[in-house]
1. Which distance in nm do the two modelled labels at residue 205 and residue 242 give, with both placed 7 Å along the Cα-to-Cβ direction?
2. Tell me, what is the FRET efficiency for residue 160 and residue 222 to the nearest 0.05, using R0 = 22 angstrom and their Cβ-Cβ distance as r?
3. Starting at the first residue of the stretch 174-182, write each ³J(HN,Hα) from the Karplus equation 6.51 cos²θ - 1.76 cosθ + 1.60 with θ = phi - 60°, in whole Hz, x for Gly and Pro.
4. With a 10 Å Cβ neighbour count serving as the proxy for reagent exposure, in which order, fewest first, do 273, 157 appear?
5. Want the number for residue 234 to residue 15: 0.36 nm per residue separation, take away the alpha-carbon distance, what's left?
6. Could you give the length gained by full extension between residue 126 and residue 25, i.e. 0.36 nm per residue of separation minus their alpha carbon distance, to one decimal place?
7. Among 204, 190, 259, which comes first, second and so on when ranked by fewest other beta-carbon atoms within 10 Å?
8. Among 61, 245, rank each residue by its count of other Cβ atoms within 10 Å, from fewest to most, as a rough exposure measure.
Amino acid sequence: MTEGIETPKNVLDKTVTDLIDAIAQQGRGFTLGLELKDGKTAISVTEQLQPIDHREHPTDLRRPQINDTASLIQFAHRYGDPTNSMILYSVDCMVCVLDYGIEEGDYETATMPFTPHEDLSEWLVQLGNPMTHRDLVQFMRKHEHHLDTPALIETIRSMSISGQINQDNDMTDDGDSMGVVFKTTKGESLKKFPKEFYIRVPVLDIDSRDDWQAIGCRLQIDMPIKPQDPVTFTVRSHELNNALLERTKMEADLVRDGLNAQDADTEAGSEKRQWLVLGGRHRTDPRTLGVHKKTPSQMVDGR
């Protein structure tokens with residue numbers, strides 16, 4: 001019998017005392033009610049339950065940061081599933097949302113960040129910025145190990161920083177290359193620059209030498225309108241601007257293929273389910289009180 005409950009004259013029968021004992025052992029409270037019915041005492045026992053809020057989490061939110069593709073595949077395979085989970089990727093990161101269909105509580109996610117390689121960043125900074133021939137030579141010589149076009153390498157190696165461009169001569173154009181006349185202490189010489197050239201650079205900081213990407217670029221040469229202004233050289237590349245997106249898409253394809261291959265091995269003989277891997281960003285907005293089933297806003301733009 002629960003300690004502290006007095007039962008003079010057997011007011012509480014065994015059924016009631018057993019019920020009170022069970023409630024007390026579970027650490028919950030109760031109230032007793034007494035009333036007279038037809039000259040007899042009626043006893044009621046009301047159990048006091050703790051309020052339950054399904055939006056409260058028993059543990060802190062789990063949002064691990066994953067370092068590589070293989071680890072993200074293992075994490076998603078262990079804790080997610082193709083039906084309820086989704087993976088979103090952008091140039092910044094890849095996010096695995098474990099249970100995308102929940103309507104209460106917060107999403108639990110795992111994130112794999114993408115960091116551009118410093119070599120790629122240096123090319124992106126220079127992209128679209130006009131350079132004098134001295135700036136061009138210094139930049140190209142610093143990044144000569146990225147150049148994948150022999151004709152441009154040969155021209156850059158033969159140029160002198162102390163030389164001057166003879167602006168009295170028109171720029172030549174033979175279709176594939178453009179040429180300007182340089183003057184040095186040894187005389188004048190025509191330097192030809194290919195209109196299009198290729199570089200091979202690491203895109204992400206996780207890339208090894210075998211992962212370097214070949215990227216097409218164009219070299220634009222502009223003769224000055226005013227005689228006192230210099231000839232400028234500008235590197236342009238649509239591929240270079242999109243290199244991060246294309247490279248992160250490759251990682252996303254590896255995750256999709258890896259997860260689907262693992263599920264195919266574990267679901268032999270059953271209908272194969274495909275993982276949903278989309279280009280975009282994971283975003284959520286706070287729910288508005290009083291509004292039922294407000295769908296979190298999403299942005300799937302591939303950027």
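Rule-based calculations on the coordinates, nothing more; no lab input. Worth saying up front: this structure is predicted, and the values here are computed from it rather than measured. All Cβ positions, glycine included, derive from the backbone under ideal geometry; neighbour counts span all protein chains shown.
1. Inter-label distance under the simple model: 2.7 nm.
2. Efficiency, from the Cβ-Cβ distance: 0.55.
3. Whole-Hz 3J(HN,Hα) from phi for the stretch 174-182: 9, x, 9, 9, 10, x, 10, 8, 9.
4. Starting with the residue having the fewest Cβ neighbours, the order is 157, 273.
5. Contour length minus the Cα-Cα distance gives 69.7 nm.
6. Full-extension gain reported as 29.1 nm.
7. If I rank by nearby Cβ atoms, fewest first, I get 190, 204, 259.
8. 61, 245
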